[in-house]
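Enquirer: Structure below; questions to follow.
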Amino acid sequence: MQMYVLALNPTDSVTEGFLPAARRLGLRVTLLTDQPGAHRERYRRIHPAVEILECEVRDFHAVISRISAHRRPDAVFSNSDHLQTQTALAAAYFGLPAKDWRAALRTKDKAQMRRALAAEPVRSAELAAHQDPAGLRTADLPYPCVVKPREGVASEDVILVESPAELLRQCARIRARRPGAALVIEEFLPGELHTLETLGDGRRLHPLGGFHTELSPLPYFIEERMTFVAAHPEPVAAQVLARLDELGVGFGACHTEFVVHDGHARLIEVNYRAIGDQCDLLLAELLGIPLFDHILRTHLGEPLPADLGARAGGAARLAYPLADRAGTLTAAPGPADLTVDGVRLTYRPARPIGERHELYRTNRDFLGIARATGTDQRTVDQALDAFLAGLSWEITP
């Protein structure tokens, strides 16, 4: 069977999760990407059978044309946050199982998401592409409020502002980096940040648990630590699932971020794909299920089992060491896999030595990803903290 995978840059989710799953399922994989060189370099030794074709994957018309001129598809799939609508439209064109393209658009476009969730009002304003930010002076916005790209991801250009003057300054700064970018400005939602991970086949939706997210100090929103939550309180989970139903989410994987304040859950954003930054790899390991195989099977039109057989009683935590300044990484720890006091520890670098980076104040500041799994949360936390304490990085300005 022929599966087309749409991608931008290479990711751990695809390299370590979905491509091995496709191989286990006996699928012939053709990867469509606008960055073919990066994928060929990464897959040369570990996935030599993957066919890589250049394509302007942000354009659904180009995707449909590329597939039509190649081999007949049995599935079209992407785990990219930026390509869900294009993937859904291409799959629908060929009559294949897919997410509803309207739901994919609603979740990707943060302004559309707010409009769709009329029962969960959040005071917000949209600054359309090329619209003058000066018009925001008269907008009915509470302060503090949050500025974010309308279709952004990974905390990129997301910042808390305290006044109208600061709002205009930050909009100008973002526009300087992203000319013509559409922005959303919305009220700051207080509360603890959590995620809910779900997997559906269009008929049945399985909650897989989620994470409690610890963020960097404001005004930025950089993920620093993620602690696994096997099940959120039933009233909270019910609220989040109801909002997902309103958005039309229910096929394949979905990663939902929300805050809980006084028992009330309010959505921050919905990423209609599997959670990244190795949290999906950790979920598959911790729950003991073929998560990536299940996700691909839904795109082949196969129903999910009524019981996924997920293992209970696991504890896990991830940590993301961050660069604190711009410069060249001159010394850093290498990959590691070890077990300490029954806790399995895994570390993977996020930057190669010798590479120079600015300080982004986003997830792009990650120096590496450390994950720990076990059966007792306190033991897991202690093992991870001790492991990280023994690591060091050197950044030369």
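Enquirer: Compute the separation of the alpha-carbon centres of the range 296-329 and the range 1-64 and state it in Å as a whole number.
Expert: 19
Enquirer: Note the per residue figure in Å³ for the convex hull of the C-alpha positions in the range 326-380. Walk me through the numbers before you get to the answer.
Expert: Values: hull volume 4.9 nm³, N = 55.
Output value, Cα hull per residue: 89 Å³.
Enquirer: Give me the percent of the accessible area of the range 192-312 that comes from carbon and sulfur atoms, probe 1.4 Å, all protein chains in place.
Expert: Working: 2390 of 4430 Å².
Carbon with sulfur: 54 percent of the solvent-accessible area.
Enquirer: Within the chain, which is the longest segment containing none of the GluC sites (Glu not before Pro) that sit in a DSSP loop and have at most 15 other Cβ atoms within 10 Å?
Expert: On the way: sites that count: E56, E162, E355, E358.
Free of exposed loop sites, the longest segment is 163-354.
Enquirer: Measure out, as a whole number of angstrom, how far apart the alpha-carbon centroids of the range 194-225 and the range 66-88 sit.
Expert: 25
Enquirer: Once phi is turned into ³J(HN,Hα) by the Karplus curve 6.51 cos²θ - 1.76 cosθ + 1.60 with θ = phi - 60°, what whole-Hz value does each residue of the range 97-113 show in order, with x for glycine and proline?
Expert: x, 6, 5, 5, 4, 5, 5, 4, 5, 4, 7, 6, 8, 5, 6, 5, 4
Enquirer: Given the C-alpha atoms of the range 123-187, compute the convex hull and give its volume per residue in Å³.
Expert: Working: hull volume 4.5 nm³, N = 65.
Cα-based convex hull of the range 123-187, divided per residue, equals 70 Å³.
Enquirer: State to the nearest 20 debye the size of the charge dipole of the chain about its Cα centre, where the only charges are +1 on K and R beta carbons and -1 on D and E beta carbons. Before the final figure, lay out the partial values.
Expert: Values: 45 positive and 51 negative charges, 220 e Å.
Dipole magnitude for the chain comes out near 1060 debye.
Enquirer: Over the chain, calculate the relative contact order: mean separation of alpha carbon pairs under 8 Å at least 6 apart, over the residue count, as a percent.
Expert: Numbers: 815 pairs, mean separation 53.6, N = 397.
Normalised by residue count, the contact order of the chain is 14 percent.
Enquirer: State the three equivalent ellipsoid semi-axes of the range 156-272, derived from the C-alpha gyration tensor as the square roots of 5 times its eigenvalues, in descending order and whole Å. Walk me through the numbers before you get to the answer.
Expert: On the way: eigenvalues 170, 57, 33 Å².
That gives 29, 17, 13 Å for the three semi-axes.
Enquirer: On to the next question. In terms of modelled amide H atoms, which long-range or inter-chain residues lie less than 5 Å from the amide H of G209?
Expert: Excluding prolines and chain starts, which carry no amide H, the hits are E197.
Enquirer: What ³J(HN,Hα) values, in whole Hz, does the Karplus curve 6.51 cos²θ - 1.76 cosθ + 1.60 give for the range 246-253 when θ = phi - 60°, with x put for Gly and Pro?
Expert: 4, 7, x, 7, x, 10, x, 8
Enquirer: In whole Å, what are the extents of the range 251-353 along the principal axes defined by its C-alpha atoms, from largest to smallest?
Expert: 49, 34, 31
Enquirer: Could you work out what % of the accessible surface of the range 119-189 is carbon and sulfur, using a 1.4 angstrom probe and leaving DNA, RNA and ligands out of the count?
Expert: Details: 1720 of 3220 Å².
That share works out to 53 percent.
Enquirer: At a 1.4 Å probe radius, carbon and sulfur cover how many percent of the accessible area of the range 2-98? The partial results should precede the final answer.
Expert: Details: 2110 of 4260 Å².
The computed percentage sits at 50.
Enquirer: Same structure again: Say we join alpha carbon atoms closer than 10 Å with springs in a Gaussian network model of the chain; which of P235, P164, P133 then has the biggest fluctuation?
Expert: It is P235.
Enquirer: Treating the chain as a set of equal point scatterers at the Cα positions, no solvent, please give the Debye-formula log₁₀ I(q)/I(0) at q = 0.14, 0.15 Å⁻¹.
Expert: Debye output, listed in q order: -1.44, -1.62.
Enquirer: I369's amide H: which non-local residues (gap 5+, or another chain) put their own amide H closer than 5 Å, with H modeled 1.01 Å from N in plane and none for Pro or chain starts?
Expert: Excluding prolines and chain starts, which carry no amide H, the hits are R348, A350.
Enquirer: Here is a further query. When only alpha-carbon atoms are used, what values of Rg and Dmax, in angstrom, describe the range 210-291?
Expert: Answer for the range 210-291, Rg first and Dmax second: 13.3, 38 Å.
Enquirer: Sticking with this structure for a sec: Relative to the present Cα-Cα distance, how much length would full extension add between H357 and Y220 at 0.36 nm per residue of separation? Write down the numbers at each step before the final one.
Expert: Working: separation 137, 0.36 × 137 = 49.32 nm, distance 1.82 nm.
The span from H357 to Y220 would gain 47.5 nm if fully extended.
Enquirer: Using every pair of alpha-carbon atoms in the range 1-107, split the distances into 10 Å bins beginning at 0 and state the percent of pairs per bin, rounded to integers.
Expert: Bins of 10 Å from zero give 16, 52, 30, 2 percent of pairs.
Enquirer: I'd like the Karplus ³J(HN,Hα) series for the range 219-229: coefficients 6.51, -1.76, 1.60, θ = phi - 60°, whole numbers in Hz, and an x wherever there's a Gly or Pro.
Expert: Each residue of the range 219-229 in turn: x, 9, 10, 8, 6, 10, 9, 10, 10, 5, 10 Hz.
Enquirer: Accessible area per residue of the chain at 1.4 Å probe, in Å²?
Expert: Details: 17100 Å² over 397 residues.
The answer is 43 Å² per residue.
Enquirer: Taking a label point 7 Å from the Cα of A336 along the Cα→Cβ vector, which residues of the range 2-19 have an amide N closer than 12 Å to it?
Expert: No residues fall inside that zone.
The values are calculated or read from the model by the stated rules, or taken from the named source; none is laboratory data. None of the values given here were measured: they were computed from a predicted structure. Using ideal geometry, Cβ is built from the backbone for each residue, glycine included, and neighbour counts are taken over all protein chains shown. Accessible surface areas use protein heavy atoms only, side chains included; no ligands, DNA or RNA. Shrake-Rupley method; radii C 1.70, N 1.55, O 1.52, S 1.80 Å.
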